[in-house]
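One structure is given below, encoded as structure tokens.
The values are calculated or read from the model by the stated rules, or taken from the named source; none is laboratory data. Values in this document were obtained by computation on a predicted structure and should not be read as measured data. When we count neighbours, we look across all protein chains shown, and the Cβ atoms used for this are built from the backbone with ideal geometry, even at glycine.
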Amino acid sequence: MSGEDRLIQALAQAKSVCVLTGAGVSTESGVPTFRDPQEGLWAKYDPAKLSTPEAFAADPALVTRWYDERRLACLACQPNPAHLALATLERAVRSRGGRFTLVTQNIDRLHHRAGSQDPIEIHGTLHVWRCTRTGELIEPGPDPFRSYPPRSPAGGLYRPNVVWFGEMLPEQALEIGYRAAASCDVYLAIGTSGLVYPAAGLTEVACQSGALAAEITLDPTPMSWRVDIALRGRAGEILPRLVAGESV
Ligand code: APR
């Protein structure tokens, strides 16, 4: 039996499924992965350097403009078949009384727009911004901010409600993710290079807990040797097959 057929069979019977997604799930929607070379105005900037509290403190206008442009670019993208297949799988597992937990490292909210009910955004989201003075949260509309950095009525600045390098991840979100990975029958790591912890740690926890663990990425990752099934290919092609129960 192929890895894909084994996974189809396991997903059809699973009582508890935990999924970790990364930037590779959104590439087919046109959202560049975090490690893709930047284009245009941003080509000369290293995303890892812009996504830090230090960069924001040094140049809040530059950092908030970069994030606002990424926010608007994501609004122009549509969920792709990978997002839609995960929402279908979630409905199927929950409709038979099973547990389904989707943990995402992505900040683009395409899982929400595809119909996933409660994705756990362990790196936050571009679509919520936070006042640096009061912690007030806002969801900016479809237009760019009028000026950068955007200022809050309280006299602070609005920053994206994302987790920057060096910042703590939302504790409760992480705890739910780890608990789901430790207690699931089937675990899928999709479109993630498995390079960034603690998110990447979910895969090890799932493997240790005895779940059937699978990885779906274009390229090998540090966890490829650890999972039971490693499928190489586009998430937008593989996931619909897994969910429809059709292997090629
Ligand atoms: N289908 C499946 N996998 C894909 C596809 C695709 N269409 N396109 C790319 N990939 C895979 C790549 O092979 C790679 O393994 O997705 C992965 C993307 O890896 P990264 O760019 O490192 O993204 P991610 O793992 O989400 O990064 C984790 O690190 O950079 C920080 O905070 C940022 O959330 C991000 C985190």
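Structural remarks
- Check on Leu242, within 19 Å of the chain's Cα centre (by Cα), buried (at least 18 other Cβ atoms within 10 Å of the Cβ) and part of a helix (DSSP H, G or I): no
- Scope the range 2-30; condition more than 18 Å from Val103 (Cα to Cα) and assigned to a loop (DSSP other than H, G, I, E, B); matching residues: Ser2, Gly30
- Every residue from the range 69-115 that is closer than 30 Å to Tyr148 by Cα and of a type in the set (Asp, Glu): Glu69, Asp108
- Selection within the range 21-54: residues that are among the hydroxyl-bearing types (Ser, Thr, Tyr) and modelled with pLDDT of 80 or more. The member of this set that is nearest to the ligand (Cβ to nearest atom) is Thr27.
- Selected residue [among the polar types (S, T, N, Q) and buried (at least 22 other Cβ atoms within 10 Å of the Cβ)] from Thr27, Thr21: Thr21
- Considering Ala85, Ala73, the condition of being outside any loop (DSSP other than H, G, I, E, B), buried (at least 17 other Cβ atoms within 10 Å of the Cβ) and of a type outside the set (D, E, K, R) is satisfied by Ala85 alone.
- For the range 177-210, the set of residues classified as hydroxyl-bearing (Ser, Thr, Tyr), under 23 Å from Arg232 (Cβ atoms) and outside any loop (DSSP other than H, G, I, E, B) consists of Tyr187, Thr203, listed by residue number.
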